[in-house]
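Trainee: Quick one: this structure, given as structure tokens, is what I'll be asking you about.
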Amino acid sequence: MRPTSRSLALLTLVFVSTASAAANASLTATDLRCEYLVNPMGTHESAPRLSWILRDDRPNQAQSAFQVLVASSKARLAAGQADLWDSGKVVSSESAQIAYAGKPLASRQACWWTVRAWDVNGGAGSWSKPARWEEGLLHADDWKAQWIDGRSAFGAAAVGSLDGANWIWTPEPGFNVRDSAPAGERFFRYAFTLPEGPALERASLTITADDRFILWVNGKEVSRFNQKDGWRTPQSYEIAPLLKPGENVVALAATNVEAAAGVAARMSLKLAGEPARESVTGDAWRANSTAAAGWQSPGFDGAGWAQPLLVARFGQGVWGRPAPAGADIVPALRKSIHISGSPIASARLYVTALGLYEMRINGHRVGDHILAPEWTDYSKRVRYQVYDVGSMLKPGQNAIAALLARGWYAGHIGNGGFQHYGTIPALLGQLEVTHADGQIERVVTDSTWKTHRSAILSSDFMMGESFDARQEAKGWDSPGFNDADWTPAAAREEQPVPLEGQVTQPVRITQLLPVRALTVPAPGHYTFDLGQNMVG
């Protein structure tokens, strides 16, 4: 049937409408990336690679050419002033790994960029929304900071020595000194007397046990340490506030799970005007296979308790020499800083660790990275991160602080790997504040920082984490905190390995699971049911 004049008019109308829509559509570049990241800070490439994704409502379209503009500020880019790089029209269908080819880039250089594409018909698309990247510290001498650690946070026995101590256990049938002992809980006491006169300046206690222990001082529970192969990482405690003139008691309940069993301890007491008094596990301790009411407290009649069996000297026997005490305790580090009154234009925090860090400024967490810096081969490179912290600072008094853990550097990695790269984690940080008048203030990690043990008693990927909220100092990461009893951080030299900017998406919290049920299988033990299996 031949179409009528009315149907021809309708066909013409549809054709014109479609053609008009095609003419208004354009090829648009979106999802701009630099080194595969969105607006990265701390890029370590002198010629970073750019990429984008093309979008077009029309069928059968593709990029036939592109143009990239790069400027040193957002305002210049908006004005079309590509003072760093104008690629010109480049005939190419490539939209990934387009290497920057403009002016040489310096450390800290901010780069704003945009791109447009031409379609298969030669029509120019619109400019993309602007994106940015920022160069990191490209040269070793850009770093003015020193590596610091928290070894001094744990008193005189810090990262404390167990030299001279003995591995002890209860004398009983079935104990093979070499490698086996009956499984179960055993009990140990050490009673000593402090004089009335001189003041007690310091009292530190370092302990390790195979496999786990509960510690009391004068009847007060101090710690429950339960970590697989926990004997590898002795624990140090400051116990002076729990001691008094007269009789005192250190009590220990140790549990052997399997194979070798032992306890080793060293105590250092410093009275005013006297040398430190050192005591170690040995004949002066008492041991028993059963407990009785009040055994952890002074005044208990321990006449029936026996001298312990001396299994081996510390550093010998089946254990060898474990890590220094305190190596798995997470130290807190802090520094009070003063920022001048000139308006702050920008502020960057460059930071990394041999281990894991979490940074704080004025009581607030910096960034949302978890387990930073991500794993690397520390013998070849160390990755650092850059944070925009301008909004976190204010003129006048500020505080910058950190928590520092072993991570992959000094903890367990892989199947059985332990302290593969080092034994004591370290922090490296550099805060650079640029004022509106061009003045730059710099704060770096060095021995002027202070450190103290945190409420995290141990932390390890494979062994879990132990947190004691009673030991958390309120406001430790905020201005005005009294850190008079904190000790100076230890500055140390490290083998020179390249410091390179982060190249991956960080680990972040992506989901929070509510607790479905809470049960108490035994007093002091809690099980949280989150409704699904947890891994990683």
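Trainee: Quick one: would you say G367 is in a loop (DSSP other than H, G, I, E, B), farther than 18 Å from A426 by Cβ, more than 20 Å from the chain's Cα centre (by Cα) and not polar (S, T, N, Q)?
Mentor: Working: in a loop (DSSP other than H, G, I, E, B): yes; farther than 18 Å from A426 by Cβ: yes; more than 20 Å from the chain's Cα centre (by Cα): no; not polar (S, T, N, Q): yes.
So G367 fails the test.
Trainee: Condition first: of a type in the set (G, A, S) and open to solvent by 80 Å² or more (accessible area, probe 1.4 Å). Now tell me which residues in segment 56-95 satisfy that.
Mentor: Within segment 56-95, A78, S93 qualify.
Trainee: Still on this structure: So if I check each of Y378, Y357, which one is crowded, with 18+ Cβ neighbours inside 10 Å and in contact with a helix residue (DSSP H, G or I) (Cβ under 6 Å, 6 or more places away or on another chain)?
Mentor: Y378
Trainee: Of all residues in segment 225-242 being closer than 17 Å to I207 by Cα and without any contact (Cβ under 8 Å) to a residue 60 or more places away in the chain, which is surrounded by the most Cβ atoms within 10 Å (Cβ to Cβ)? Walk me through how you get there before you give the answer.
Mentor: Just the residues of segment 225-242 that are closer than 17 Å to I207 by Cα, to begin with: 225-240, 242.
With without any contact (Cβ under 8 Å) to a residue 60 or more places away in the chain added as a condition, the list becomes 237, 239-240, 242.
Numbers: Y237: 27, I239: 22, A240: 17, L242: 17.
The extreme case among them is Y237.
Trainee: Hey, another quick one. Considering L427, L403, which residue is part of a strand (DSSP E or B), open to solvent by 10 Å² or more (accessible area, probe 1.4 Å) and touching a strand residue (DSSP E or B) at 6+ places or on another chain (Cβ under 6 Å)? Walk me through it before giving the result.
Mentor: On the way: L427 fails: open to solvent by 10 Å² or more (accessible area, probe 1.4 Å).
Exactly one of L427, L403 is part of a strand (DSSP E or B), open to solvent by 10 Å² or more (accessible area, probe 1.4 Å) and touching a strand residue (DSSP E or B) at 6+ places or on another chain (Cβ under 6 Å), namely L403.
Trainee: Taking the condition of being farther than 30 Å from L428 by Cα and either modelled with pLDDT of 95 or more or of a type outside the set (F, W, Y) (or both), how many residues in segment 306-338 meet it? Show your work before the answer.
Mentor: We begin by selecting, within segment 306-338, every residue farther than 30 Å from L428 by Cα; these are 306-320.
Right, trim to either modelled with pLDDT of 95 or more or of a type outside the set (F, W, Y) (or both) and you get 306-313, 315-318, 320.
Residues meeting the conditions: 13.
Trainee: Right, next: With (1) in a loop (DSSP other than H, G, I, E, B); (2) at pLDDT 90 or above; (3) not acidic (D, E) as the list, and V351 as the residue in question, which single condition is left unmet?
Mentor: (1)
Trainee: Taking only segment 98-137 into account, find how many residues are modelled with pLDDT under 95 and among the polar types (S, T, N, Q).
Mentor: 2
Trainee: Would you be able to tell me the number of residues in segment 430-482 that are assigned to a loop (DSSP other than H, G, I, E, B) and open to solvent by less than 60 Å² (accessible area, probe 1.4 Å)? It would help to see each step written out before you state the result.
Mentor: So the first thing to find is which residues in segment 430-482 are assigned to a loop (DSSP other than H, G, I, E, B), and the list is 436-439, 445-449, 454-455, 461-463, 468, 472-482.
From the residues that got through so far, the ones that are open to solvent by less than 60 Å² (accessible area, probe 1.4 Å) too are 438, 445-446, 449, 454-455, 463, 468, 473, 475-479, 481.
Qualifying residue count, segment 430-482: 15.
Trainee: List, please: which pairs have Cβ atoms under 6 Å, are six or more places apart or on different chains, and start with a residue in segment 461-475 that is more than 24 Å from D485 (Cα to Cα) and end with one that is open to solvent by 100 Å² or more (accessible area, probe 1.4 Å) and among the basic types (K, R)?
Mentor: M463/K228
Trainee: If I filter segment 406-424 for residues that are within 20 Å of R360 (Cα to Cα), assigned to a loop (DSSP other than H, G, I, E, B) and not charged (D, E, K, R), do I get at least one hit? Even if it seems obvious, please write down each step before you answer.
Mentor: Looking only at segment 406-424, we keep the residues that are within 20 Å of R360 (Cα to Cα), and these are 406-407.
Applying the additional criterion that residues be assigned to a loop (DSSP other than H, G, I, E, B) yields 406.
Narrowing the set further to residues that are not charged (D, E, K, R) leaves none.
The answer is no, given that none of the residues of segment 406-424 is within 20 Å of R360 (Cα to Cα), assigned to a loop (DSSP other than H, G, I, E, B) and not charged (D, E, K, R).
Trainee: Residue check, E500 against (1) touching an Asp or Glu at 6+ places or on another chain (Cβ under 9 Å); (2) touching a residue at least 40 places away in the same chain (Cβ under 8 Å); (3) not in a loop (DSSP other than H, G, I, E, B), all met but one. Which one?
Mentor: Status for E500: all satisfied but (1).
Residue by residue, here is whether (1) assigned to a loop (DSSP other than H, G, I, E, B); (2) crowded, with 17+ Cβ neighbours inside 10 Å holds:
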| residue | (1), (2) |
| --- | --- |
| A259 | yes, no |
| M267 | no, yes |
| P275 | yes, no |
| S279 | no, yes |
| A292 | yes, no |
| Q296 | yes, yes |
| F300 | yes, yes |
| V311 | no, yes |
| I329 | yes, yes |
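Trainee: On the given criteria, is E494 surrounded by 10 or more Cβ atoms within 10 Å (Cβ to Cβ) and in a strand (DSSP E or B)? Step through it out loud before you land on a result.
Mentor: Details: surrounded by 10 or more Cβ atoms within 10 Å (Cβ to Cβ): yes; in a strand (DSSP E or B): no.
Spelling it out, it is not the case that E494 is surrounded by 10 or more Cβ atoms within 10 Å (Cβ to Cβ) and in a strand (DSSP E or B).
Trainee: So, one more: Give segment 503-512 a look and list any residue that's touching an Asp or Glu at 6+ places or on another chain (Cβ under 8 Å), open to solvent by 60 Å² or more (accessible area, probe 1.4 Å) and either under 30 Å from L530 (Cβ atoms) or not in a loop (DSSP other than H, G, I, E, B) (or both), or say none. I'd like the intermediate steps shown before the answer.
Mentor: Keep residues of segment 503-512 that are touching an Asp or Glu at 6+ places or on another chain (Cβ under 8 Å), which gives 503-504, 506-509.
Now narrow it down to the ones that are open to solvent by 60 Å² or more (accessible area, probe 1.4 Å): 503-504, 507-509.
Of everything in segment 503-512, those that are touching an Asp or Glu at 6+ places or on another chain (Cβ under 8 Å), open to solvent by 60 Å² or more (accessible area, probe 1.4 Å) and either under 30 Å from L530 (Cβ atoms) or not in a loop (DSSP other than H, G, I, E, B) (or both) turn out to be T504, V507, R508, I509.
Trainee: Are there any pairs, at least 6 apart or on different chains, whose C-beta atoms fall under 6 Å, with the first in segment 442-460 and free of Cβ contacts under 8 Å to residues at least 60 places away in the same chain and the second assigned to a strand (DSSP E or B), and if so, which?
Mentor: A455/F467
Trainee: Let me ask something else about it. Hey, T255 hits all of (1) open to solvent by less than 40 Å² (accessible area, probe 1.4 Å); (2) part of a loop (DSSP other than H, G, I, E, B); (3) farther than 21 Å from T193 by Cβ but one; which does it fall short on?
Mentor: Condition not satisfied by T255: (2).
Trainee: I would also like to ask the following. Give, as residue ranges, the strands (runs of 3 or more DSSP E) completely inside segment 199-246 that count at least 3 residues that are among the small types (G, A, S). First the steps, then the outcome.
Mentor: Details: elements: 200-210, 212-217, 220-225, 235-238.
Those strands (runs of 3 or more DSSP E) span 200-210.
Trainee: Determine whether R49 is in contact with an Asp or Glu (Cβ under 7 Å, 6 or more places away or on another chain) and modelled with pLDDT of 95 or more. Break it down into steps so the answer makes sense when it comes.
Mentor: Working: in contact with an Asp or Glu (Cβ under 7 Å, 6 or more places away or on another chain): yes; modelled with pLDDT of 95 or more: yes.
Spelling it out, R49 is indeed in contact with an Asp or Glu (Cβ under 7 Å, 6 or more places away or on another chain) and modelled with pLDDT of 95 or more.
Trainee: If you scan segment 418-441, which residues turn out to be in contact (Cβ under 8 Å) with a residue 12 or more places away in the chain and more than 18 Å from the chain's Cα centre (by Cα)?
Mentor: Across segment 418-441, the qualifying residues are E432, V433, T434, H435, A436, D437, Q439, E441.
Trainee: Sticking with this structure for a sec: Being touching a residue at least 40 places away in the same chain (Cβ under 8 Å) and part of a strand (DSSP E or B) is the filter here, so list the residues in segment 34-55 that pass it.
Mentor: Answer for segment 34-55, where residues must be touching a residue at least 40 places away in the same chain (Cβ under 8 Å) and part of a strand (DSSP E or B): C34, L37, M41, G42, T43, R49, L50, S51, W52, I53, L54.
Trainee: Got at least one residue in segment 12-30 being at pLDDT 95 or above, closer than 30 Å to G367 by Cα and open to solvent by 40 Å² or more (accessible area, probe 1.4 Å)?
Mentor: no
Trainee: Go through (1) over 21 Å from R492 (Cβ atoms); (2) open to solvent by 20 Å² or more (accessible area, probe 1.4 Å); (3) not aliphatic (A, V, I, L, M) for N398 and report which single condition fails.
Mentor: (2)
Trainee: Within segment 513-531, which residues are open to solvent by 70 Å² or more (accessible area, probe 1.4 Å), modelled with pLDDT under 90 and in a loop (DSSP other than H, G, I, E, B)?
Mentor: Once the filter is applied, which keeps residues that are open to solvent by 70 Å² or more (accessible area, probe 1.4 Å), modelled with pLDDT under 90 and in a loop (DSSP other than H, G, I, E, B), segment 513-531 yields only P523.
The values are calculated or read from the model by the stated rules, or taken from the named source; none is laboratory data. Owing to the predicted nature of the structure, the values given are computational and were not obtained by experimental measurement. All Cβ positions, glycine included, derive from the backbone under ideal geometry; neighbour counts span all protein chains shown. Just so you know, the surface numbers come from the protein's heavy atoms only, side chains and all, with ligands and any DNA or RNA stripped out. Shrake-Rupley method; radii C 1.70, N 1.55, O 1.52, S 1.80 Å.
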